[in-house]
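Before we start, here is the structure in question, set down as structure tokens.
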Amino acid sequence: MKKFYIILCLIATTISSCIKDEAPNAEADIVSCTLKEDVLKRPPIIENNKISLMVNKETDLSSLTPIFELTPGATINPPSNESNNFIIPQVYTVTSEDGKWKKEYTIYVTKDKETITHYTFDTYTSKEESGRHYHIIQETDDFGAITMEWASGNSGFVTAAGMDGLADDPTLFPTYSGEDGRDGRCAKMVTRKPKSGFVSIFAPIAAGNLFIGTFGEEVDITKPAVATHFGEGNIFPYYPLSIEGYYKYKAGPKWTVKNPQNGTDYENTTDTWDIYGVFYDAAQMYIDTQKSYLDGYNVLTSPYIVMIARLPRAERKEASEWTPFYIPFKKFEGGTPLDIEKLKRGDYNLAIVMSSSEEGAIFNGAENSTLCVDDVELKFSEDF
Amino acid sequence: MKKQIIYICTLLLLFAAGSQAQNNFSQKLRQHNIDFELKASFSIGGTSPLPLPEEIRSIESYNPTLSLSLGAQVTKWFNEKWGLSSGISFDTKAMKTKAEVKNYRMELRDGGGLIKGNWTGMVQTTVNNSYFTIPVMAAYRLSSIWSLRMGPYIAFLMDENFSGYVYDGYLREGDPTGPKRIFTGDATASYDFSDNLRNLQWGLQFGGSWKVNRHFRLNGDLQWGMNDIFHSDFNTITFNMYNVYLNIGFGYIF
């Protein structure tokens, strides 16, 4: 029997004692980015291939010096701590520590007071992730230059699309650019229902959504609604009056809720659309919480909200033809009182959020609820 | 598991039928210098890359699970020292592990489709494969009590399970530069590579026996797989994995 023990020990040692040295890192992320000039108006917004920096309006964009923190061991070109001309967006390439992977980041630097308030939803670009394409809806100026990109949860749906084996078709995503706009193209939002087990536990439905802000590339799958960063980066130094535009809506037939056993998690039994605007004190929020955005859990309840524009539920009806909507901004009870000085200084951000399912953020809704939106105008006042 | 029980019952029935005229049978065997042995043993080991690749950072737990091997072995002795051993056995090669990995290629599935990417974090693996194994070994008697055997075997996969789940970590979708999906708390996602297992295995078997009395022996047999357990066109796991299992048990010699 001794021999067997010896052999057994040999196997045990072979298997356990030869943990190899750790391989060099394969990731190539920009973890943080600041400007040496100290002109940042808001925290930098870092996405998987894009960084947005918002600077003071006096800043000279032709010479700014970004300082990066990267995945340990990774390198960047052009190098960190070297000045560059950001009048046009600049591309930086990060190479992983093991040298096998490269990732490009485009860095956009914008000044505040460049806010876009008329939205046509007429252009889009397709983005590929893990072999599937989805739309990013864009706004352009009269010369065709892109002036803003709408955010959506599409990137988060890539995982569900992969697990469910969906075809590579952007119109199977929750949000896409529709051909049949009122004028040109329109924004189309459709509530989807992922079938895969692990996705559906945390996100049993995926409402189509479109919003001003960003979608966090790092998604904690147990808290998906944290990924929608409403209003991030959108400084709005004016007094908002209303959101106006056109919509069509058809609710899906079968209403489902995430936690049916928990009666407090839902209020309704049918689906409806939602479009709302939130004007909030991003500067104070950043000081208090290190975040300057609202997410799916607090977008309608945060104490930093100054004003809100949202229709009562009864007024958000179905419509098979293009129907106008008018949503006025009102003071938010229990929020932050309006301070004109802070407003002028650019302390406040504004988010516009649209969803094919009103309770999409808490994953209640009806599959196939479809919201189409076109020709939206954010009305505001400059004299106050 | 059902299948496994059926295989075991079939084997037992065959042996029961074969041992009807046992006395006669034993005498005849002895006349021809043949040992006929029924073997039962526990199987302990691992289905593992050898050596461990750099993606595996630590093994957090290992459970050999209760797996059994049943079989028959025939040894024809040509002289006092040397003989030839063969037979057939039904082996279960099973284990459960939890390992911490870094940048490990992964294919997660549980709906109709799958997502690929590089996983950093924890991986649970359950292996439970059953094989019919046929060894052909040279046998050598060290003494009247001790004997050794060694030779190649082939094994046919009968029942397969190579699956598990990932947790407490993150997936970079597509490749290490893809979007990051973070799994915390109870979040898990499963994988299943059972369909990618190779049906035919071969390897080397090393065995030793200690004779307790005329009919009973204690046996130890190490089976060392020499080919990858996965099909060669299966690329998700970037390294080869081998079956290395030790069967320890007893045998009854007629």
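Read the figures in this text as sums done on the coordinates, not as results from a lab. Please read these numbers as outputs of a predicted model, since none were measured by experiment. Ideal geometry is used to build each Cβ from the backbone, glycine not excepted, and the neighbour counts take in all protein chains shown.
Can you bin every Cα-Cα distance in segment B:142-254 into 10 Å intervals starting at zero and give me the percent of pairs per bin, rounded to whole numbers?
Bin by bin from 0 Å, the calculated values are 12, 28, 24, 19, 12, 6, 1.
Additional query: Can you tell me the equivalent ellipsoid semi-axes for segment A:200-283? Use √(5λ) from the Cα gyration tensor, largest first, whole Å.
Each semi-axis is the square root of five times an eigenvalue, giving 27, 20, 12 Å.
A further question follows. How much net charge surrounds B:L171 when only the other residues with a Cβ under 10 Å from the Cβ of B:L171 are counted, with Lys and Arg +1 and Asp and Glu -1?
+3
If you consider only alpha-carbon coordinates, what radius of gyration and Dmax does segment A:26-111 have, in Å?
Every Cα atom of segment A:26-111 included, Rg and Dmax give 12.5, 41 Å.
I would also like to ask the following. How high is the relative contact order of chain A? Use alpha-carbon pairs under 8 Å, at least six apart in sequence, and give a whole percent.
So the answer I get is 17 percent.
Next question. Can you find, among A:P337, B:V74, A:W150, the residue sitting farthest towards the positive end of the charge dipole of the protein assembly as shown, where Lys and Arg contribute +1 and Asp and Glu -1 at Cβ?
B:V74
Using a Debye calculation, one point per C-alpha and no hydration shell, please list log10 I(q)/I(0) for segment A:171-218 at q = 0.14, 0.16, 0.25, 0.27 Å⁻¹ in order.
-0.45, -0.56, -0.99, -1.04
Still on this structure, please answer the following. In deg cm²/dmol, rounded to 500, what helix-only [θ] at 222 nm does chain B give when every DSSP H run of at least 4 residues adds -39500 (n - 2.57) and the total is split over its residues?
-3500 deg cm²/dmol
Using only Cα atoms, what Kirkwood radius does segment A:112-381 have, in angstroms?
18.7 Å
Then there is this: Give the angle, between 0 and 90 degrees and rounded to the nearest 10, that separates the Cα long axis of helix A:154-163 from the longest principal axis of the Cα atoms of chain A.
50 degrees
Further, regarding this structure: May I ask you to derive the relative contact order of segment B:105-234, considering only C-alpha pairs under 8 Å and at least 6 residues apart, and to give it as an integer percent?
The normalised contact order for segment B:105-234 reaches 26 percent.
In debye, nearest 20: dipole of chain B around its Cα centre with unit charges on the Cβ of K, R (+) and D, E (-)?
Here chain B has a charge dipole of around 1000 debye.
I'd like the Kirkwood hydrodynamic radius of segment B:2-253, using the inverse of the mean 1/r over distinct C-alpha pairs, in Å.
20.0 Å
On to the next question. Starting from the Kirkwood radius over alpha-carbon pairs of segment A:156-260, derive D by Stokes-Einstein at 10 °C in a medium of 1.306 mPa s and give it in µm² s⁻¹.
Calculated translational D: 100 µm²/s.
What does the charge count near A:G181 come to, summing +1 for each Lys or Arg and -1 for each Asp or Glu among other residues with Cβ under 14 Å from its Cβ?
Net local charge, A:G181 excluded: -4.
Output the relative contact order of segment B:2-253, whole-number percent, from Cα pairs under 8 angstrom with separation of 6+ residues.
Taking the mean separation of contacting Cα pairs over the length of segment B:2-253, I get 19 percent.
Quick one: angle between helix B:2-18 and the longest Cα principal axis of chain B, in degrees between 0 and 90, rounded to 10, please.
10 degrees
While we're on this one: Whole-Hz Karplus ³J(HN,Hα) for segment B:75-88, in order, using 6.51 cos²θ - 1.76 cosθ + 1.60 and θ = phi - 60°, x for Gly and Pro?
Working through the residues one at a time gives 10, 9, 8, 8, 8, 4, 9, 10, x, 10, 10, 8, x, 9 Hz.
Average projected area of the Cα convex hull of segment B:177-237, in nm²?
9.0 nm²
Then there's this: Show me, for segment A:359-370, the HN-Hα J-couplings you get by feeding each phi into the Karplus relation (A = 6.51, B = -1.76, C = 1.60, θ = phi - 60°), rounded to Hz, glycine and proline as x.
9, x, 5, 9, 6, 10, x, 10, 4, 6, 4, 10
Quick one: what Rg and Dmax do you get for segment B:65-211 from the alpha carbons, in Å?
Both quantities, over Cα of segment B:65-211: 21.6, 68 Å.
At 222 nm, what value in deg cm²/dmol follows for chain A if DSSP H runs of at least 4 each add -39500 (n - 2.57) and the sum is divided by all its residues, to the nearest 500?
Counting only the DSSP helices, I get -3500 deg cm²/dmol.
Next question. Across 10 Å bins from 0, what is the distribution of all Cα-Cα pair distances for the protein assembly as shown, in whole percents?
Here the calculated profile for the protein assembly as shown is 3, 14, 20, 18, 14, 10, 8, 7, 4, 2, 0, 0.
What distance in nm lies between label points placed 7 Å from Cα along the C-beta direction at B:T236 and A:E382?
Simple spin-label model gives 5.8 nm for this pair.
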